[in-house]
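Trainee: After the structure tokens below, expect a handful of questions from me.
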Amino acid sequence: MNSSSKSLFIFIFISITSSLSAELTTNDTVALNRFRSQTDPHGNLLTNWTTNNACSAAWRGVRCTNGRVTAVILPFLDLRGPIDALAELDQLRLLDIHSNRLNGSILPITNCSNLKLVYLSSNDFSGGIPSEIGKLKRLVRLDISDNNLEGSIPKEISKLKRLLTIRLQSNVLTGQVPDFSTSLPGLKEFNVSNNELLGKVSEGLQKRFGEKSFSGNAGLCGSTPFPICSNSNSAAATQTVPSNPSSLPANSNANQEKGKAKKGLSTAGIVAIVIGNSVVLLVILSFFVAYCCGGHYEENNLSGKGRVDKGRRSGGSYSSEKKVYAASGGGGDSDGTTASDRSKLVFFDKRKQFVLEDLLRASAEMLGKGNLGTVYKAVLEDGSIVAVKRLKDANPCGRKEFEQYMDVIGKLRHPNIVSLRSYYYAKEEKLLVYDYLPNGSLHSLLH
């Protein structure tokens, strides 16, 4: 082959290689754009994921080598949806998408045969850990903790000889724990805590990783400190299909605590369900009692002695703000309530408190009306904001009975229930004071 033929061959080879590389880069860009369209409802990635080349434009969270996407690092972005599109990134080495709300199966990552580091913790992935994970021969770190993965821990993981980290804690895994102590001699970190695993823990795993790596699995047995294995342990383990783990690159203790809340119907879960149902029933009962005990009021009057004045903006037009003024002065209620009693708010916490006059001087904006009464947003003089419910006219109940029900409601503490901060009782007026939540009502969010 003469020199001119060699030059022509080199030119053709370079041209074909460049064309192929450009096509593969385009494929990576298309895959990432599809992933964004499926998982980024808030547009967090639109700042620079707008060009036609993911590598040349330095997209946020994307790293490239030789024109191919090799790393995707997108934690804490409130991404939600499946990760199917990432299956086309065949040169991906690092995938870190922990602490989002991604869901569906983790099977797509098994197509990325060059993966070395996988961090999928603190998402909503479900289904099982696919046996195809054994194809990721280069895998070093696997963190899929704190998800909703279920089923068995696949024995195919033992084929991943380079593994240093396996974090499967805080899922809903069942069945036995495979003995990786001999098949993965280089393993440095192993955690399957807070699942529903059963059966014997091998002495090799127990000695290398300690009790904490297996805590929160009531069905596990073995040598001390685990319960001694019995025939029932073995039978239960053989009848139960083992399941999958999940990961969290940081703060494993927090994951373990969080994982306890994601169990199946264990004894603790059943107790929690019973308590939760009781709380809901109690809240419904409390609202019914509040309805029955509401004080009389007119649409534009707090009471026969009070009034609601609409504040005016400059220019004379009415605004939505209102000022609430209460009745004051002598006389007692028929149930023994004195004027002094009527001027007091009863609080359920030790935060900064205020007197009734502060509440009644506050500017108020009506938020909505319901069967129980009208709710106002009240801005106090110190800038703090509360929500005030004025109970509607209803068959009144006695002060003692009313206070008993308020005491029950005031002690309720649940993340999905707004706490009752204080209340005011008088024959002609009953007010319930809550913390103000700025995100609107459930009705407004739904409609």
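Trainee: How much length, in nm to one decimal, is gained on full extension between Arg101 and Ala218, taken as 0.36 nm per residue of separation minus their Cα-Cα distance?
Mentor: Between Arg101 and Ala218, full extension yields an extra 39.3 nm.
Trainee: A follow-up question, please. Place a point 7 Å from Cα of Asp90 in the direction of its Cβ. Which residues in region 36-58 have their backbone N less than 19 Å from it?
Mentor: The answer is 54-55, whose backbone nitrogens lie closer than 19 Å to the label point.
Trainee: Just to be sure I understand the model, the point goes 7 Å from the Cα along the line to the Cβ. What's the resulting Asn48 to Leu380 distance in nm?
Mentor: In this crude label model, Asn48 to Leu380 measures out at 4.7 nm.
Trainee: If you don't mind, there's one more thing I want to ask. Give the carbon-plus-sulfur fraction of the accessible surface of region 39-192 in %, rounded to a whole number; probe 1.4 Å, heavy atoms of protein chains only.
Mentor: 47 percent
Trainee: Sticking with this structure for a sec: Once you have the Cα-Cα distance between Gln404 and Leu164, take 0.36 nm times their residue separation minus that, and quote the gain in nm to one decimal.
Mentor: So the chain would gain 80.5 nm between Gln404 and Leu164.
Trainee: Name the trypsin sites (Lys or Arg not before Pro) in region 142-177 that are in a loop by DSSP and that have at most 14 other C-beta atoms within 10 Å, would you?
Mentor: Qualifying residues, ordered by number: Lys161, Arg162.
Trainee: For Lys430, which sequence-distant residues (separation of 5 or more, or a different chain) have an amide H within less than 5 Å of its own amide H, given hydrogens modelled in the peptide plane?
Mentor: The answer is Gly295, Leu391.
Trainee: I'd like the Karplus ³J(HN,Hα) series for region 103-111: coefficients 6.51, -1.76, 1.60, θ = phi - 60°, whole numbers in Hz, and an x wherever there's a Gly or Pro.
Mentor: Residue by residue, region 103-111 yields 9, x, 8, 9, 4, x, 5, 6, 7 Hz.
Trainee: Relative contact order, percent, of region 47-123 when contacts are C-alpha pairs under 8 Å separated by at least 6 residues?
Mentor: 26 percent
Trainee: How high is the relative contact order of region 19-221? Use alpha-carbon pairs under 8 Å, at least six apart in sequence, and give a whole percent.
Mentor: Over region 19-221, the number comes to 12 percent.
Trainee: With r as the distance between the Cβ atoms of Ile417 and Val355 and R0 = 30 Å, compute the FRET efficiency 1/(1 + (r/R0)^6) and round to 0.05.
Mentor: 0.70
Trainee: Whose amide H sits under 5 Å from the amide H of Gly127, counting only residues 5 or more places off or on another chain, with H placed in the peptide plane?
Mentor: Here Glu150 satisfy the definition.
Trainee: Would you please name the chymotrypsin sites (Phe, Trp or Tyr not before Pro) within region 57-166 that are DSSP coil residues with at most 15 other C-beta atoms within 10 Å of their C-beta?
Mentor: On the way: sites: Trp59, Phe76, Tyr119, Phe125; in loops: Trp59, Phe76.
Qualifying residues, ordered by number: Phe76.
Trainee: On a full-extension model of 0.36 nm per residue, what is the gain between Ile228 and Thr65, subtracting their alpha-carbon distance, rounded to one decimal in nm?
Mentor: 53.4 nm
Trainee: Okay, next question. Are any of the pairs Lys137/Lys200; Lys369/Lys411; Lys159/Lys212; Lys344/Lys369; Lys135/Lys207; Lys116/Lys161 more than 21 Å apart by Cα-Cα distance, and if so, which?
Mentor: Lys137/Lys200; Lys369/Lys411; Lys159/Lys212; Lys344/Lys369; Lys135/Lys207
Trainee: Moving on. Leu86 accessible area, nearest 10 Å², 1.4 Å probe?
Mentor: The accessible area comes out at roughly 10 Å².
Trainee: I need the phi-derived Karplus couplings for region 355-360: 6.51 cos²θ - 1.76 cosθ + 1.60, θ = phi - 60°, integer Hz, Gly and Pro marked x.
Mentor: Whole-Hz 3J(HN,Hα) from phi for region 355-360: 9, 4, 4, 4, 5, 7.
The values are calculated or read from the model by the stated rules, or taken from the named source; none is laboratory data. Because the structure is a prediction, the values reported are computed rather than measured. Cβ: placed from backbone, ideal geometry, glycine included. Neighbour counts: every protein chain shown. Note: accessible area is taken over every heavy atom of the protein model, side chains too, but ligands, DNA and RNA are not part of it. Shrake-Rupley method; radii C 1.70, N 1.55, O 1.52, S 1.80 Å.
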